[in-house]
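Working notes for the structure below.
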Amino acid sequence: MKKAFFNKALAGAVIIASAALPLGAVAATMPGKGVSVQPIKSSIAEETFQTMLVMRALEDLGYKVAPIKEIEYATGHVALGNGDATFMADHWSPLHADFYTKAGGDEKLYREGVYSEGALQGYLIDKKTAVKYGIKSIDQLKDPKLAKLFDSDGDGKADLAGCNPGWGCEKVIEHQLDAYGLRDTVSHKQGTYAAIIADTLARYKQGQPILYYTWTPYWVSGVLVPNKDVVWLQVPFSALPGSRKDVDTALPDGSNYGFQANNQHIVANRAWTDANPAAAKLFAIMKLSNNDISAQNKRMKDGEDKQADIKRHVDGWIKAHQGAYQGWLKAARAAAK
């Protein structure tokens, strides 16, 4: 009787242990199983690639990832701080420093590691006009005669293809128009950046002078190539708004384009990352090169801009960088133990 009871008990223990093994294996490989994620991004379509790569990695860790919600940076940071969204893959530092602080800073937001480093911003003009008139600095456009070269709407002012409201860069441009004495000779054209820069490119192809703001990594500098088709304009001195008013924007080589070099980070809700160490580790170690971002953005500009196209681009990137990608997942899983 005792022997039969022992055999039954042993058999039961084996069954329980066998059932537990798959669950343990799932927990080890899918630490995010059952946990929901809400990604957000700005209206810049070219941020989709970076965001979807993070989403794919989270899915491979078991997280239930919702479709991307579009929201501009300032309100997006607040949404992250309040827990209404989970992560944003394109937080620019220091450009978005004020957004980060106002949304709660480190107490409410998680920002570790650098996703993509060395992003540049500034003003450019076509090289032909730069050479012909000796234009090297943005403040030379205080001269009405030089400013008029870039006038496309007949008001006598230079038309600067500028920055969308809510992105952060528009505040810098507006501040610098005053700081450099350009308010009377330069008009900051805002709206939908994609449409504004498309018009700028069309005018360049017609041989007309162009003046525009842009950033890297982005497809524009792959079409209007700096030092070949266009040139960066210097600024006479550093001039940033708000808490960054005393910051020196000069680059290591001495160039000063008026904007600090930025790093892009994955920023997330801190309470969520505290509860999800696997995702927190993933956010901290993922890295994407500017060249890879620019190359993908160029493919979007050339017509591969549908969700299915971008998914294919993500698949291709992962296939070409299997070692790095699997390394991220391994480190994330280890952090969950």
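Ranking request for peptides 321-332, 181-192: highest mean number of other beta-carbon atoms within 10 Å first, then the rest in descending order.
181-192, 321-332
Using only helices, what value at 222 nm comes out for the chain when you add -39,500 (n - 2.57) per DSSP H run of length 4 or more and divide by the total residues, to the nearest 500 deg cm²/dmol?
-14000 deg cm²/dmol
Between D60, D246, D98, find the one with the highest GNM mean-square fluctuation for the chain; connect C-alpha pairs within less than 10 Å.
Its mean-square fluctuation being the largest, the pick is D246.
How large is Rg/Rh for the chain, to two decimals, with Cα atoms and a Kirkwood Rh?
Over the Cα atoms of the chain, Rg/Rh equals 1.13.
Run the dipole for region 214-335 about the Cα centre, Lys and Arg Cβ at +1, Asp and Glu Cβ at -1, nothing else charged, and hand back the magnitude in debye, nearest 20.
For this selection, approximately 460 debye.
Taking a cut-off of 12 Å between Cα atoms, list the aspartates and glutamates near K157, but don't count ones fewer than 8 places away on the same chain.
D143, D184
With axes computed from alpha carbons, what is the tilt in degrees of helix 169-179 against the longest principal axis of the chain, rounded to the nearest 10 within 0 to 90?
30 degrees
Magnitude of the Cβ-charge dipole of region 119-244, K/R +1 and D/E -1, about the Cα centre, nearest 20 debye?
It comes to approximately 380 debye.
Grab the Cα-Cα distance for D315 and A295, subtract it from 0.36 nm times how many residues apart they are, and report the gain in nm with one decimal.
Gain on extension, D315 to A295, equals 5.7 nm.
If you put +1 on each Lys and Arg Cβ and -1 on each Asp and Glu Cβ, how big is the dipole of the chain around its Cα centre, in Debye rounded to 20?
Dipole of the chain, to the nearest 20 debye: 1520 debye.
Taking the Cα atoms of region 119-244, what is the range of coordinates along each of the three principal axes, in descending order and whole Å?
For region 119-244, the Cα extents along the three principal axes come out at 40, 31, 25 Å.
Which of A45, A85, A320 moves the most in a Gaussian network model of the chain with Cα springs under 10 Å?
Maximum fluctuation in the GNM of the chain, among the listed residues, is at A320.
Could you grab the relative contact order for the chain? Cα pairs under 8 Å, six or more apart, rounded to a whole percent.
Normalised by residue count, the contact order of the chain is 24 percent.
Bear in mind these aren't lab numbers, they're just calculated from the coordinates by the rules spelled out. Values in this document were obtained by computation on a predicted structure and should not be read as measured data. Cβ: placed from backbone, ideal geometry, glycine included. Neighbour counts: every protein chain shown.
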